[in-house]
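Here's the structure we're looking at; comments come further down.
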Amino acid sequence: MPIGVVVGKVVRAYVPIAQGMITADGTEQTLVEYVGEISQIGGYIDLSSMEEGDEVTVRVYTKIKPDGEWKLYDEGGFYGKQAYPALHILPRVAGYAYKVTLQQVSGAYKSFDYLFVKTV
């Protein structure tokens with residue numbers, strides 16, 4: 001069910017497109033991969049399971065043309081226990097495709113909940 005949000009005088013409706021939990025395994029794992037009409041996509045990743053010695057890399061990719069290759073748009077590293085564990089992936093316009101990945105590169109592997117939504 002869409003959730004309406006008022007932005008200025010425009011009402012935007014959002015629907016979930018990816019939600020779940022992954023258990024890290026040391027590889028770059030896809031949380032959401034979207035291909036479709038132009039939309040704004042954003043979401044959250046719960047990093048509250050992280051402890052001292054843990055390191056996680058989150059990457060955001062896009063495609064500039066329908067048959068194009070994935071291009072890295074943004075990347076961030078997160079280390080140890082998180083003071084603010086709800087990582088907000090800011091809404092971005094997804095033209096042809098959009099992907100967010102998570103890779104735990106050190107520490108005992110943890111599980112991470114996530115939720116991504118898009119405009120409709």
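Within the range 65-79, track down each residue that is in contact (Cβ under 8 Å) with a residue 24 or more places away in the chain and either within 9 Å of A97 (Cβ to Cβ) or of a type in the set (F, W, Y) (or both). Steps first, please.
Taking the range 65-79 first, the residues in contact (Cβ under 8 Å) with a residue 24 or more places away in the chain are 65-66, 68, 70, 78-79.
The answer is P66, G68, W70, F78, Y79.
Go through the range 79-120 and count every residue that is within 14 Å of the chain's Cα centre (by Cα) and within 16 Å of R59 (Cβ to Cβ).
Of the residues in that region, 16 qualify.
Give the residues of the range 82-120 that are of a type in the set (F, W, Y), farther than 22 Å from T27 by Cβ and either buried (at least 17 other Cβ atoms within 10 Å of the Cβ) or at pLDDT 95 or above (or both), sorted by residue number. Steps first, answer last, please.
Residues of the range 82-120 of a type in the set (F, W, Y): 84, 96, 98, 109, 112, 114, 116.
If we keep only those that are farther than 22 Å from T27 by Cβ too, we end up with 84, 96.
Within the range 82-120, just Y84 meets the criteria.
The values are calculated or read from the model by the stated rules, or taken from the named source; none is laboratory data. This one's a predicted model, so the numbers in the text were calculated from it and none came from an experiment. Glycine gets a Cβ as well: all are built from the backbone with ideal geometry, and neighbour counts include every protein chain shown.
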